[in-house]
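Single-structure report; data block below.
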Amino acid sequence: MFKYVEITNDNIELASKIQLKIFPGESAYIHYKDAIKSNLEYYKYYLVYENDTIVGITGLYSHENINDTNSIWLGWFGVLKEFRNKGYGRHILLDTINMATILAEKYPIRYFRLYTSEKDNITAVHLYRKIMDIEEKYNNPDDVNYDNNCIIFSKALSENPITYWNNRFMNLKEIIAQQELSNIEVFK
Ligand SMILES: CC(C)(COP(=O)(O)OP(=O)(O)OC[C@H]1O[C@@H](n2cnc3c(N)ncnc32)[C@H](O)[C@@H]1OP(=O)(O)O)[C@@H](O)C(=O)NCCC(=O)NCCS
């Protein structure tokens with residue numbers, strides 16, 4: 001039903017505009033640039049189309065060594081306001097998990113994970129509780145934890161047994177710092 005168009009240098013400006021409508025004041029521009037530069041199959045962001053209309057965004061990344069964590073993460077996932085509450089978010093999330101499952105045939109990926117703030121993303125958390133296998137608080141003393149509201153959801157791909165992330169360092173600090181640089185570049 002949906003078409004996933006990779007974000008590249010050709011559509012990054014459009015993608016950024018859409019992303020900013022979904023996450024006002026939080027720019028993904030530098031993350032998008034970084035993904036394009038990396039040229040890795042498991043680090044890509046997408047515009048989501050229904051026919052010729054853009055309805056949302058999604059993405060996958062793995063900043064850690066994939067051989068070490070066996071994990072791929074959901075990044076910059078959302079639906080434009082006018083298309084919400086119609087099941088699109090659920091559908092896009094399931095399609096993104098499917099993309100991760102396909103990547104897991106080629107790379108040592110066993111778990112699909114995501115982090116969010118329990119306090120700021122109630123609707124998303126509601127959806128994640130239905131789709132994902134487990135949830136845990138993220139609380140690493142060397143990292144950001146959104147005032148103790150950061151939670152990680154994980155789902156096992158294929159037949160793998162699920163494992164917790166167990167507060168391993170995620171470097172949210174760096175992810176947020178990049179995003180702040182992005183904001184400076186985009187809102188200057
Ligand atoms: C989170 C988001 C992607 C959900 O998209 P959506 O298209 O509205 O989601 P869906 O219509 O598929 O609904 C998903 C589920 O949440 C439920 N839901 C929707 N709004 C809800 C609400 N306010 N309270 C409780 N449940 C809600 C739906 O009933 C549905 O459950 P169901 O599948 O059992 O029927 C969308 O709200 C969004 O883009 N928000 C801004 C960006 C964001 O927060 N992204 C995630 C960052 S972690």
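Values in this text are rule-based calculations from the coordinates and carry no lab data. Note that the structure is predicted; figures quoted are calculated from it, not measured. Don't worry about glycine lacking a Cβ; one is built from the backbone with ideal geometry, like all the others, and counts go over all protein chains shown.
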| said: Relative contact order of the chain, please, whole-number percent, based on alpha carbon pairs below 8 angstrom and at least 6 residues apart. | reply: 19 percent
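Taking the Cβ of each residue in Lys21, Lys81 as the centre, tally the other Cβ atoms inside 10 Å and list the residues starting with the fewest.
Arranged by neighbour count, lowest to highest, Lys21, Lys81 become Lys81, Lys21.
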| task | Check every DSSP H run in the chain and write down those whose alpha carbon atoms cover 27 angstrom or more along the long axis and whose mean Kyte-Doolittle hydropathy is -1.0 or greater. | result | none
| Roughly how many whole Å is it from the C-alpha centroid of the stretch 39-71 to that of the stretch 144-188? | 14 Å
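What does the extension gain come out to for Asp52 and Ile131, with contour length at 0.36 nm per residue minus their alpha carbon separation?
On the way: separation 79, 0.36 × 79 = 28.44 nm, distance 2.76 nm.
Between Asp52 and Ile131, full extension yields an extra 25.7 nm.
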| Leu47, Leu14, Leu60 arranged by Cβ crowding within 10 Å, fewest neighbours leading | Leu14, Leu47, Leu60
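Lys and Arg at +1, Asp and Glu at -1: add these up for the other residues within a Cβ distance under 13 Å of Glu6 and post the number. Display every interim value, and only then the final one.
On the way: positive: Lys3, Lys44; negative: Asp10, Glu41.
Neighbour charge sum, excluding Glu6 itself: 0.
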| task | Calculate, for Lys86 and Asn167, the FRET efficiency according to 1/(1 + (r/R0)^6) with r their C-beta to C-beta distance and R0 25 Å; round to the nearest 0.05. | result | 0.10
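Hey, which of these cross-link pairs are over 26 Å Cα-Cα: Lys33/Lys173; Lys81/Lys106; Lys86/Lys137? Before the final figure, lay out the partial values.
Details: Lys33/Lys173 18 Å; Lys81/Lys106 35 Å; Lys86/Lys137 29 Å.
Distance filter (> 26 Å) returns Lys81/Lys106; Lys86/Lys137.
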| request: State, in angstrom, two size descriptors of the chain derived from its alpha carbons: Rg to one decimal place and Dmax to the nearest whole number. | output: 15.7, 48
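Would the stretch 96-140 count as rounded, prolate or oblate if I go by the C-alpha gyration tensor, calling it rounded below 1.5 in a/c and otherwise prolate when a/b exceeds b/c, oblate otherwise?
On the way: a/c = 2.89, a/b = 1.81, b/c = 1.59.
The shape class here is prolate.
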